[in-house]
Structure formats: C-alpha cells, structure tokens
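The values are calculated or read from the model by the stated rules, or taken from the named source; none is laboratory data. A quick note: this is a predicted structure, and the numbers were derived from the prediction, not measured. Every residue, glycine as well, gets a Cβ built from its backbone with ideal geometry; the counts of neighbours run over all protein chains shown.
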Amino acid sequence: MGLDVRLPLGLLFVIIGALLAIFGAVSDPSIYARSLGINVNLWWGLFMLVTGAMLFGLSRRQDAAMCSSEESPEGAAIEELEQVRCLEENNEP
C-alpha cells in the first residue's frame, strides 16, 4: 500500500512553522520577557519549517526512487532470474 504520511505532515509543519515564524518576527518583543527575552515563536517556527521541509523533501525523493522493474535494467534482470528459478523448480521431478 502506498500510504506515506511524510507528505501531509511535511506540508503541515511547513505551513504552521511559517505562520509561527512570521508571528514571532513581527510580534512585540516585550511579550518574551517571561522567556528570558528569547523569541520562542520565531525559533520554534523556524525549527518546524526546517523539519517540514525535510519531511516534504524525503517524501518527494522516495516517490522519485520508486519505479517499476520494466523501467530499470536491474529490476528487469532480477525478474528474469526469478522467472528462471521458478521454471526450474517447477520442472524438477
């Protein structure tokens, strides 16, 4: 089955991370006094953005790597080998 959760999760992280990073960049610095002046929204937004981009990239890379055996010479050779082995096993008494 071709269920791959990296694509929707990657897009979700990218969207939420971008929104959070934008909010952190344009918000008032005085609200970060309780977090020792660290802009938590900006840093977590950037982290989520990078994580989402990696998940999205990995999902796209995996789709490109999947190809049928007819398209690759290695896959065709393996299929021929398996077919010969199967025929040999069925012909033995």
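Per the listing 27, 59, the residue uniquely polar (S, T, N, Q), in contact with a Leu (Cβ under 9 Å, 6 or more places away or on another chain) and at pLDDT 85 or above is 27. Residues that are within 18 Å of the chain's Cα centre (by Cα) and surrounded by 15 or more Cβ atoms within 10 Å (Cβ to Cβ) within the range 13-44 comprise 13, 14, 16, 17, 18, listed in sequence order.
Taking every residue in the range 8-32 that is within 21 Å of residue 59 (Cβ to Cβ) and in contact (Cβ under 8 Å) with a residue 60 or more places away in the chain and pairing it with any residue that is surrounded by 15 or more Cβ atoms within 10 Å (Cβ to Cβ) and among the basic types (Lys, Arg), at least 6 positions away or on another chain, yields no pair with a Cβ-Cβ distance below 7 Å.
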